[in-house]
Amino acid sequence: MTPTQSPLGDFTGQSDIGNLHHVGSCTYDPDGQIYTISGAGANIWGDHDDFHYVWRRMTGNFIVTAQVNFVGEGVELHRKLHWMARSALDTASPHVTTAIHGDGLTSLQFRRGQGARTEEIVASITHADVIQLERRGNSYIMSVARYGETFHTIQVADLDLGDEVYVGLALCSHNADVVETAEFRNVRIVVPVAEGVANPRANLGSRLEIMEVATGQRRVIYETDDIFEAPNWTLDGKALIYNSGGRLYRYDLATNSPTLIDTEPVVQNNNDHVISF
């Protein structure tokens, strides 16, 4: 199947959380697969939060990643963009968030209970523009990097947000009277195979992506519950050939669909296949 064409992409809702003077918004560009979020809000801190949130409900473990940037110079040094997991959509909910500030400060912020004080662990790097949040049970792991560099990782354990949480992208202007904007690209939401599964490969699934080498911009063009490997460009640049289950398939970029290549009687192909163009 081709990637989702929902108005919010991989997300199902958006909300203004807390007391906001301006209505926030999210637009999704399905061609570039870029989310542009605008929002206001005094802060995500203390015992309550004011911000714009684009979310989906998730249960169990997950890994979410994005490449991010603010749009424009900004007004406040502590305008913030985030990956967030939140128990509820009220202003004082427990949560955990990867916070990238306008001045470059990068931190893992979390609130352990309803209306509790927000805590923070500051990362060893600043100006990160690749952010990842992972949940393993009640442990939350933030991995951050400047694009092309090594991840720096910190985590908080024993943070119980409940099994079902709101996971999404958040933006706060740090000034109730100001609207800021940020872009989120290369957004990926991954659900790992559960521990103890008898045949973990049976539950992996696959995504086919195209990447612009100069910019690092990636675009998902095909997703399936099956496992496939080793996509190769055709010489004319119009298709990709990959193997799955011992067979070869041609993925046509014009029709966004795969077709089986007849290789009978050879039906045990792998990623070392050779095709004469």
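The values are calculated or read from the model by the stated rules, or taken from the named source; none is laboratory data. The model shown is predicted, which means the values in this text are computed figures rather than measured ones. Neighbour counts are summed over all protein chains in view; Cβ atoms, including those assigned to glycine, are modelled from backbone coordinates with ideal geometry.
Select from the range 2-22 the residues that are surrounded by 19 or more Cβ atoms within 10 Å (Cβ to Cβ), small (Gly, Ala, Ser) and at pLDDT 95 or above and list them in ascending order. 18, the sole residue that qualifies. Looking across the range 233-252, the residues that are under 21 Å from residue 205 (Cα atoms) and of a type in the set (Lys, Arg) come down to 247, 250. With the requirement that a residue be at negative phi and either in a loop (DSSP other than H, G, I, E, B) or not assigned by TED's automatic domain parsing to the domain that holds residue 58 (or both), what does the range 155-178 give you? Within the range 155-178, 157, 159, 160, 161, 163, 173, 175, 176, 177, 178 meet the criteria.
Is it true that some residue in the range 158-165 is within 28 Å of residue 75 (Cα to Cα) and modelled with pLDDT of 95 or more? Scanning the range 158-165 turns up no residue that is within 28 Å of residue 75 (Cα to Cα) and modelled with pLDDT of 95 or more. The residue that is modelled with the highest pLDDT, among those in the range 256-269 that are surrounded by 10 or more Cβ atoms within 10 Å (Cβ to Cβ) and outside any strand (DSSP E or B), is 256.
May I ask you to list the residues in the range 234-247 that are surrounded by 13 or more Cβ atoms within 10 Å (Cβ to Cβ) and either under 26 Å from residue 193 (Cα atoms) or without any contact (Cβ under 8 Å) to a residue 24 or more places away in the chain (or both)? Answer for the range 234-247, where residues must be surrounded by 13 or more Cβ atoms within 10 Å (Cβ to Cβ) and either under 26 Å from residue 193 (Cα atoms) or without any contact (Cβ under 8 Å) to a residue 24 or more places away in the chain (or both): 239, 242, 243, 244, 247.
When you check residue 183 against the structure, is it in contact (Cβ under 8 Å) with a residue 24 or more places away in the chain, within 19 Å of the chain's Cα centre (by Cα) and in a strand (DSSP E or B), yes or no? Yes.
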